[in-house]
Amino acid sequence: SDCLEAERAAVEAAKQSDRVFISPYTDLSVCAGQGTIACELVQQLPTIGAVFICVGGGGMIGGIASYFRKLSPATRIVGCQPEASAVMAESVKAGRILDMPSLPTLSDGSAGGLEEGSFTFDLCKTLVDEWVLVSEQEIATAILGMIEHHSKIVEGAAAVA
């Protein structure tokens, strides 16, 4: 099942139970909070040539890219998505949000569609310098490489970038 479908169901469930739904990517406060990752990176590495960021709905890359554009405009922003679920990359290429299927992927944290009118689309369209699409084999190889060389287990979305 698609993450966008799950989000729509969560929004409906919140309405029916009189609760608040907070989107993991189309909420300005969440996006700004994710942008603090860039602040931490700059504190550790004052000069950063490029950042590679896994993209799903665009909230994390939108927050990070906004920070870099303001305080380190020379830093290249590279959006990374699995080939099996490249909705944002393909939407940016088309100049509009596309309704396209997502195939199963090891990068379940970045899988799924993009809701119409999402402000993150405009952020990605204007702030991302380049897009890289990653195959399932490349994701699997990166996960295995982290285990073999760093004794770390990472999720598929982390392996995409």
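If you take the beta carbon distance between residue 98 and residue 10 as r and set R0 to 25 Å, what does 1/(1 + (r/R0)^6) give as a FRET efficiency, to the nearest 0.05?
Working from the Cβ atoms, E equals 0.65.
So if we plug the beta-carbon distance of residue 17 and residue 122 into 1/(1 + (r/R0)^6) with R0 = 30 Å, what FRET efficiency do we get, rounded to 0.05?
Efficiency, from the Cβ-Cβ distance: 0.45.
Given a 1.4 angstrom probe, what's the average accessible area per residue across the chain, in square angstrom?
56
Overall, the accessible surface of the stretch 88-161 at a probe of 1.4 angstrom is composed of carbon and sulfur to the extent of 55 percent. Dipole orientation for the chain: of the candidates 89, 103, 3, 89 has the Cα lying most toward the positive pole (charges on Cβ; Lys, Arg +1; Asp, Glu -1). For the chain, averaging the sequence separation of C-alpha pairs within contact (under 8 Å, six or more residues apart) and dividing by the residue count gives a relative contact order of 24 percent.
Need one word for the stretch 1-138: rounded, prolate or oblate. Basis is the Cα gyration tensor (sqrt eigenvalues a ≥ b ≥ c); a/c below 1.5 gives rounded, then a/b vs b/c decides.
oblate
Packing here is the average count of other Cβ atoms within 10 Å per residue, and on that basis the peptides 131-141, 55-65, highest first, run 55-65, 131-141.
Taking the stretch 34-60 and a reference point 7 angstrom along Cα→Cβ of residue 136, the backbone N atoms nearer than 20 Å belong to 55-56. Taking label points 7 Å from Cα along the Cα-to-Cβ direction, residue 76 and residue 48 give a separation of 1.5 nm.
Put a plus charge on the Cβ of each Lys and Arg, a minus charge on the Cβ of each Asp and Glu, and nothing anywhere else: the dipole of the chain about its Cα centre is then about 580 debye.
Report, in debye and to the nearest 20, how large the dipole of the stretch 10-71 comes out about its Cα centre when Lys and Arg carry +1 and Asp and Glu carry -1 on their Cβ.
About 160 debye.
The values are calculated or read from the model by the stated rules, or taken from the named source; none is laboratory data. Bear in mind that the values here come from a model prediction, so they are computed numbers and not experimental data. Neighbour counts are summed over all protein chains in view; Cβ atoms, including those assigned to glycine, are modelled from backbone coordinates with ideal geometry. Accessible surface is based on the protein model in full, side chains and every heavy atom, while ligands, DNA and RNA are left aside. Shrake-Rupley method; radii C 1.70, N 1.55, O 1.52, S 1.80 Å.
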